[in-house]
Amino acid sequence: MSSQRRPSADARESDYRILHEADLRDYLAGVPEVAARLGGSPASWSISEVGDGNLNLVFIVKGAGGGVAVKQALPYVRLVGESWPLPLSRSHYEYLALTHQARLAPGLVPVVLHHNEGLALVVMELLEPHIIMRKGLVGGTTYPRFDEDVTTFLARTLFFSSDLAVTAAEKKDGIAAFAGNHALCKITEDLIFTDPYRVAEQNRWTEPWLDATAAAFRGDLDLHVAISRLKLKFLNAPEALIHGDLHTGSIMVTAGETKVIDPEFAFYGPMGFDIGAVIANLLMAYLASDGHERSPGERRAFEAWVLETVESVWTEFSRKFLELWRSEAKGDAYPVTLFEGEAGAARLETERQAYMAGLFEDTVGFAAAKIVRRILGLAHNIDFELIEDPKRRAVCEARSLRLARAMMVEAVSFGSIGAVTKAARDVRDWRPDFA
Ligand code: SR1
Ligand code: MG
């Protein structure tokens, strides 16, 4: 990580143009390794823009020999438009994160084939027949490989970029390499940790059913303290290189494979933010599920799988992280010379367990924050949005907000992941006043 440099703003301004189909064809024809992978003549390649995310252009390009995915950052937030400018440098950080994650968690991120800093463009292997996990979850599909893969990704990327695994100098180089990604961090700081709890122009929710809950969240000082503590942790805890936006729209899956994509929000931050993101998005898939039912109980097996997966995300992550700590701790934290002998080893193991308890508390809080932002903030998710009947959607959302408030304000009382899944199960039986 030490050799990484910051992107050059000058190069960016002079080279950048938004690519349209014809420009992209010409451009890729001039990149030998990409042209070779696509095969055939450039004129025969099919190109379609398929981006449905909030920020970027995404093209799928296919030729006789194969396909690639091309992601280009726009100089503004796609979801909102040119009135909200956003630095192109996020493409640099995405490239840096993807290549770093590929080393730490081989096979779990897409292979980068080409990167052009000036065009803010990354060309990657085409993931086929993978789909965005969130879409599969809305459809009620289970992914038997997911917990194994995502926990390996989390444990390895977080552990190997932390002070437990690297020297203080390496860690500081890593922090410096991603420090310039502050515009993306600011989006999170505002949209997740601030706006849903105050009047903000871009907030939206399912009206009129959630009006009272939104107002209650804006006046709830216990909640404001809890979210502010989480925000402080997000601001001042560079524990590890985190993905920074690890929702189920940033994961592509098949029954047998999992790939984590889109790390443009990456920076050195609190580990619980990534773990909490995965857990939050599974909990939302669970609580949205009965909104997608066509007959009562038809998604019961899916729902049971989702809650089992919530549990194994934490237990397997925790097991793998601890295993790495016991066997690969080459960092400057917890010097071995301070924990010699049987008594030292036992004390260090107790300390590891205490560390995991703290990380679990962070994870529960961050998961709650990720739920609230999808229901009361700017950027919503299809788990809820595709529930056509708005009142039915509001019931699912109100339950999610009730669970999230408890997780955020009473995070300490959720002593185990089983307590979280029990609370999720219980809240499914709760009916809001308007229902
Ligand atoms: C304005 S960007 C809104 C959201 O999209 C991204 O996926 C992040 O989650 C961000 O918060
Ligand atoms: Mg994204």
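Each value in this text was obtained by applying a stated rule to the coordinates, not by laboratory testing. This one's a predicted model, so the numbers in the text were calculated from it and none came from an experiment. Quick reminder, even Gly has a Cβ in these numbers, built from the backbone with ideal geometry, and neighbours come from all protein chains shown.
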**Fill in**
Here D for region 193-263, in µm²/s, from Stokes-Einstein with a Kirkwood Rh over Cα pairs at 10 °C and 1.306 mPa s, works out to 105 µm²/s
**Asked** Which residue fluctuates the most in the chain, going by a Gaussian network model with Cα springs under 10 Å, if the choices are Trp314, Trp84, Trp305?
**Response** Trp84
**Prompt:** Whose amide H sits under 5 Å from the amide H of Val77, counting only residues 5 or more places off or on another chain, with H placed in the peptide plane?
**Reply:** Trp84, Leu86
**Complete:** Quick calc, region 9-125, dipole around Cα centre from Cβ unit charges on Lys, Arg (+) and Asp, Glu (-), nearest 20 debye, gives 300 debye
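Tell me, what does the Kirkwood hydrodynamic radius of region 379-435 come to in angstroms if you use every pair of distinct C-alpha atoms?
It works out to 12.3 Å.
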**Prompt:** So what does the Cα-only Debye profile of region 334-435 read at q = 0.13, 0.25 Å⁻¹, as log10 I(q)/I(0), no solvent term?
**Reply:** -0.59, -1.28
**Complete:** Taking placed amide H atoms and a strict 5 Å upper bound, the residues 5 or more places from Leu113 or on another chain that come that close are Val123, Met124, Glu125
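Below 8 Å between Cα atoms, with a sequence gap of 6+, how large is the relative contact order for the chain in percent?
On the way: 714 pairs, mean separation 74.3, N = 435.
With pairs under 8 Å counted, the relative contact order is 17 percent.
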**Prompt:** Along region 337-349, what does the Karplus equation 6.51 cos²θ - 1.76 cosθ + 1.60 (θ = phi - 60°) give for ³J(HN,Hα), rounded to whole Hz, x for Gly and Pro?
**Reply:** 5, 8, 10, 7, x, 5, 5, x, 4, 5, 5, 5, 5
**Fill in**
In terms of the charge dipole of region 9-125, which places +1 on Lys and Arg and -1 on Asp and Glu at the beta carbon, the residue among Val109, Ser44, Met124 farthest towards the positive end is Val109
**Within the chain: Cβ-based charge dipole about Cα centre, in debye rounded to nearest 20 (Lys, Arg +1; Asp, Glu -1)** = 260 debye
**Fill in**
In whole angstrom, largest first, the equivalent ellipsoid semi-axes that the Cα gyration tensor gives for region 24-145 are 22, 21, 16
**Cα→Cβ-extended label distance, 7 Å offset, between Ala345 and Lys186, nm** = 5.1 nm
**Prompt:** For region 185-322, what class follows from the C-alpha gyration tensor (a ≥ b ≥ c being the square roots of its eigenvalues): rounded when a/c is under 1.5, otherwise prolate if a/b is larger than b/c, else oblate?
**Reply:** oblate
**Asked** So who's got an amide H within less than 5 Å of the one on Gly67, skipping anything under 5 residues away but keeping other chains? H placed 1.01 Å off N, in plane.
**Response** Leu126
**Message:** Tell me the mean residue ellipticity at 222 nm calculated for the chain from its helices only (DSSP H runs of n ≥ 4, each -39500 (n - 2.57), averaged over every residue, nearest 500).
**Reply:** -16500 deg cm²/dmol
**Asked** What ³J(HN,Hα) values, in whole Hz, does the Karplus curve 6.51 cos²θ - 1.76 cosθ + 1.60 give for region 56-68 when θ = phi - 60°, with x put for Gly and Pro?
**Response** 10, 8, 9, 10, 9, 10, 10, x, 4, x, x, x, 9
**Request:** Calculate the length of the line joining the C-alpha centroid of region 111-132 to that of region 245-306, in whole Å.
**Result:** 22 Å
**Request:** Treat the count of other C-beta atoms within 10 Å as a stand-in for reagent exposure and order Ser400, Ser295, Ser46, Ser312 from fewest to most.
**Result:** Ser295, Ser46, Ser312, Ser400
**Asked** So what is the orientation-averaged projected area of region 256-394, using the convex hull of its C-alpha atoms, in nm²?
**Response** 11.4 nm²
**Asked** With no solvent and one point per C-alpha, what does the Debye sum give as log10 I(q)/I(0) for region 82-135 at q = 0.16, 0.18, 0.20, 0.25 Å⁻¹?
**Response** -0.60, -0.73, -0.84, -1.03
**Item:** J(HN,Hα) series, region 285-296, from Karplus relation 6.51 cos²θ - 1.76 cosθ + 1.60, nearest Hz, glycine and proline x
**Value:** 4, 5, 6, 7, 4, 6, x, 9, 5, 9, 9, x
**Asked** Across bins of 10 angstrom width beginning at 0, how are the C-alpha pair distances of region 131-428 distributed, in whole percent?
**Response** 6, 28, 35, 21, 7, 2, 0
**Request:** Would you mind calculating the relative contact order of region 1-139 from Cα pairs under 8 angstrom and at least 6 residues apart, reporting the percent as a whole number?
**Result:** 21 percent
**Asked** So, in nm, how far is label Ser295 from label Val80 when the simple model puts each one 7 Å beyond its Cα toward the Cβ?
**Response** 4.6 nm
